[in-house]
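The values are calculated or read from the model by the stated rules, or taken from the named source; none is laboratory data. Everything numeric here is computed off the predicted structure, so don't read it as measured data. Glycine gets a Cβ as well: all are built from the backbone with ideal geometry, and neighbour counts include every protein chain shown.
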Amino acid sequence: MATKKSSAEGATVTVEQTGSPLRRPADQRATLVGLGLNKMHRRRTLEDTPAVRGMIAKVGHLVTVVESD
C-alpha cells in the first residue's frame with residue numbers, strides 16, 4: 001500500500017486526493033488539510049509514520065496511495 005524508500009532516506013508514502021471534500025464532515029476536511037491536500041488530484045509525499053497512516057485511514061475514501069516513479 002505504501003511506497004517505501006531505503007532506510008537511509010526514511011520511508012515515505014505518496015497520496016493523491018481523488019475525492020471531493022464538499023459535503024463531508026469538517027473533521028475529514030481538516031484531515032485532508034493536515035495531509036497537505038485541499039484540491040482534487042493533488043499529490044503529496046509524506047513521511048510514513050503511524051500518525052500519517054491514521055490520517056490516510058480516516059479519509060481513505062477520499063485519497064489514493066500512489067506508486068512513485
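Checked against the criterion of being in contact (Cβ under 8 Å) with a residue 24 or more places away in the chain and of a type in the set (Lys, Arg), the candidates Arg23, Arg42 yield just one match: Arg42.
Among the residues making up segment 50-69, a single one is small (Gly, Ala, Ser) and modelled with pLDDT under 95: Ser68. Residue selection: Val63 satisfies the criterion of being out of contact with any His (no Cβ under 8 Å at 6 or more places or on another chain), in contact (Cβ under 8 Å) with a residue 40 or more places away in the chain and surrounded by 11 or more Cβ atoms within 10 Å (Cβ to Cβ).
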